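Take a look at the structure below.
No value in this document is a laboratory result; all are computed from the given coordinates. Please read these numbers as outputs of a predicted model, since none were measured by experiment. Here the Cβ positions follow ideal geometry from the backbone for every residue, glycine too, while neighbour counts run over all protein chains shown.
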Amino acid sequence: QVQLVEFGGGLVQAGGSLRLSCAASGSFFSINVMGWYRQAPGKQRELVARITDGSTLNYADFVKGRFTISRDNTKNMVYLQMNSLKSEDTAIYYCNALINRYSYGPLRDYWGQGTQVTVSS
């Protein structure tokens, strides 16, 4: 079993900051990509940021310059530092990881349960 658990959501005023954390646990060989997605009410889930095991970064245009993704491979964790938050950042934020369960075979997609981020204006 592989689990992703997010921490750090909450309520913050516009212009404030939050830091999300996600821990991967269970039995697996390696983690390829780790990332964050979000889903606002009535909208589709969208990519926020992701980071490969080689530390290549991708950000959605709407968070560039405000959010920073990082990971700690020794702890199997990924973080999202969110600064200058706006009301439109309000959403459920989901942790995602592409994981090799074994040294062979395909990557599999795993999701956390989500954490609510609410930005008040």
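Tell me the net charge near Arg38. Cut-off is 12 Å between Cβ atoms, Arg38 excluded, with +1 for each Lys or Arg and -1 for each Asp or Glu. Can you show the working numbers first?
On the way: positive: Lys43, Arg45; negative: Glu6, Glu46, Glu88, Asp89.
Here the charged neighbours net out to -2.
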Inset, instruction - Find the eigenvalues of the gyration tensor of the Cα atoms of the chain, then list the square roots of 5 times those eigenvalues as equivalent ellipsoid semi-axes, largest first, in whole angstrom. - result: 26, 14, 12
Inset, instruction - Go ahead and set up a Gaussian network model of the chain, Cα springs under 10 Å, then flag whichever of Tyr93, Tyr104, Tyr59 fluctuates most. - result: Tyr104
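If you filter the stretch 1-41 for chymotrypsin sites (Phe, Trp or Tyr not before Pro), then keep DSSP loop positions with at most 15 other Cβ within 10 Å, what is left?
Numbers: sites: Phe7, Phe28, Phe29, Trp36, Tyr37; in loops: Phe28, Phe29.
Here the sparse-neighbourhood loop sites are Phe29.
Rounded to the nearest 0.05, what FRET efficiency do Lys75 and Leu107 have when you use their Cβ-Cβ distance and R0 = 22 Å?
Numbers: r = 20 Å, r/R0 = 0.92.
Approximately 0.60, to the nearest 0.05.
Output the relative contact order of the stretch 40-121, whole-number percent, from Cα pairs under 8 angstrom with separation of 6+ residues.
Details: 103 pairs, mean separation 18.1, N = 82.
Relative contact order here is 22 percent.
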Legend entry - Length-normalised contact order of the stretch 1-48 in % [C-alpha pairs under 8 Å, at least 6 apart]: 31
Inset, instruction - Just tell me which aspartates and glutamates come within less than 19 Å, Cα to Cα, of Lys43; anything on the same chain fewer than 8 places away is out. - result: Asp61, Glu88, Asp89
